[in-house]
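Encoded as structure tokens, the structure appears first; notes follow it.
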Amino acid sequence: MTKKVYIFVANGTEETEAVGTYDTLKRGGIDAYFVSINPTKEFTSSHGLQLTAHYTIEEVKDEVVDAVALPGGMPGATNLYECELLREIITRHLEAGRHIAAMCASPLVFGRMGLLEGKKATAYPGFEEELKGAKYKEKPAVVDGQIITGRGPGYVFNFGAAIVGELVGYDKALEVANGLLITEDLDD
């Protein structure tokens with residue numbers, strides 16, 4: 001059965017991280033979809049691109065999928081955190097035993113929610129203090145149980161491959177990584 005991931009986006013989301021995560025998941029055979037937290041599907045990326053998501057958060061709010069992913073970017077990460085409905089969706093996915101993933105600035109969402117206490121995690125340099133209670137790792141991508149974090153835009157494919165590895169297996173993740181010419185570890 002094909003796995004499904006929702007990539008939540010907001011005004012200020014880093015477009016490279018959003019599209020790179022989407023691309024990597026698709027290469028891994030995962031059904032990936034962008035979900036805008038805005039009232040409409042349209043959102044403006046951190047560098048001014050006008051983009052359109054597949055769904056709005058209202059359209060998918062009652063679903064539980066295999067994983068939810070949060071690209072970084074500012075103010076995208078804080079916009080994601082400020083969305084109460086998204087925080088409810090993240091909590092529901094954790095309670096259902098599903099994966100949650102965030103990269104760059106967006107691990108601040110998990111940190112502010114208190115989800116990283118005692119967990120290994122990474123984030124963009126300068127956001128370490130947002131990972132409340134986490135054991136910070138300076139790695140491209142870090143997996144600790146259901147939580148996957150990525151360091152920044154230069155490591156978007158590592159982040160995506162870590163999600164692929166958790167959802168469909170690390171053999172497939174390595175195949176995807178080799179196709180993308182990733183040379184760093186997929187996780188720690």
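The values are calculated or read from the model by the stated rules, or taken from the named source; none is laboratory data. As the structure is a computational prediction, the values presented were derived from the model and not from experiment. Here Cβ is always computed from backbone atoms with ideal geometry, including for glycine, and neighbour counts include all displayed protein chains. To get the accessible areas, we keep the full protein, side chains included, count just its heavy atoms, and leave off ligands, DNA and RNA. Shrake-Rupley method; radii C 1.70, N 1.55, O 1.52, S 1.80 Å.
Annotations
- Charge-dipole axis of the stretch 1-73 as Lys and Arg at +1 and Asp and Glu at -1 on Cβ define it, positive-most pick from Leu49, Gly29, Val19: Gly29
- Gaussian network model of the chain, springs between alpha carbon atoms under 10 Å - residue of Asp31, Asp66, Asp171 with greatest fluctuation: Asp171
- Antiparallel bridge percentage (DSSP; both residues within the chain; nearest 5): 25 percent
- Overall form of the stretch 96-173 per C-alpha gyration tensor (a/c, 1.5; a/b vs b/c): oblate
- When +1 charges are put on Lys and Arg Cβ atoms and -1 charges on Asp and Glu Cβ atoms, the dipole computed for the chain relative to its Cα centre reaches about 140 debye.
- Cα gyration tensor shape for the stretch 57-188, rounded if a/c is under 1.5, else prolate or oblate: oblate
- Net dipole in debye of the stretch 6-79 [+1 Lys, Arg Cβ; -1 Asp, Glu Cβ; about Cα centre; nearest 20]: 120 debye
- GNM top mover of Gly72, Gly160, Gly133 - the chain, alpha-carbon springs below 10 Å: Gly133
- Lys/Arg +1, Asp/Glu -1 at C-beta; the stretch 83-188 dipole; positive extreme among Gly154, Gly133, Met113: Met113
- Net charge over other residues, Cβ less than 14 angstrom from the Cβ of Arg87 (K, R count +1; D, E count -1): -1
- Net charge of neighbours whose Cβ lies under 10 Å from the Cβ of Ala53, counting Lys and Arg as +1 and Asp and Glu as -1: -1
- Dividing the summed helix terms, -39500 (n - 2.57) for each DSSP H run of n ≥ 4, by the number of residues in the chain produces a 222 nm estimate of -10000 deg cm²/dmol to the nearest 500.
- With q set to 0.19, 0.21 Å⁻¹, the log10 of I(q)/I(0) for the stretch 1-107, from the Debye formula over equal scatterers at the Cα positions, is -0.88, -1.09.
- The magnitude of the dipole of the stretch 47-98, with charges of +1 and -1 set on the Cβ of Lys/Arg and Asp/Glu and taken from the Cα centre, is near 180 debye.
- Those lysines that a straight Cα-Cα span of less than 30 Å connects to Lys172, excepting residues fewer than 8 apart in one chain: Lys3, Lys4, Lys26, Lys61, Lys119, Lys120, Lys135, Lys137, Lys139
- Solvent exposure of the chain amounts to 42 Å² per residue of accessible area, where only protein heavy atoms count and the probe is 1.4 Å.
- The portion of the accessible surface of the stretch 86-188 made up by carbon and sulfur, rounded to a whole percent, is 46 (1.4 Å probe; DNA, RNA and ligands excluded).
- Positive-end ranking of Ile89, Val60, Gly72 along the dipole of the stretch 37-107, with charges on Cβ about the Cα centre, is headed by Gly72.
- Summing charges over neighbours of Gly133, with a neighbour being any other residue whose Cβ is under 13 Å away from its Cβ, gives 0 when K and R count +1 and D and E count -1.
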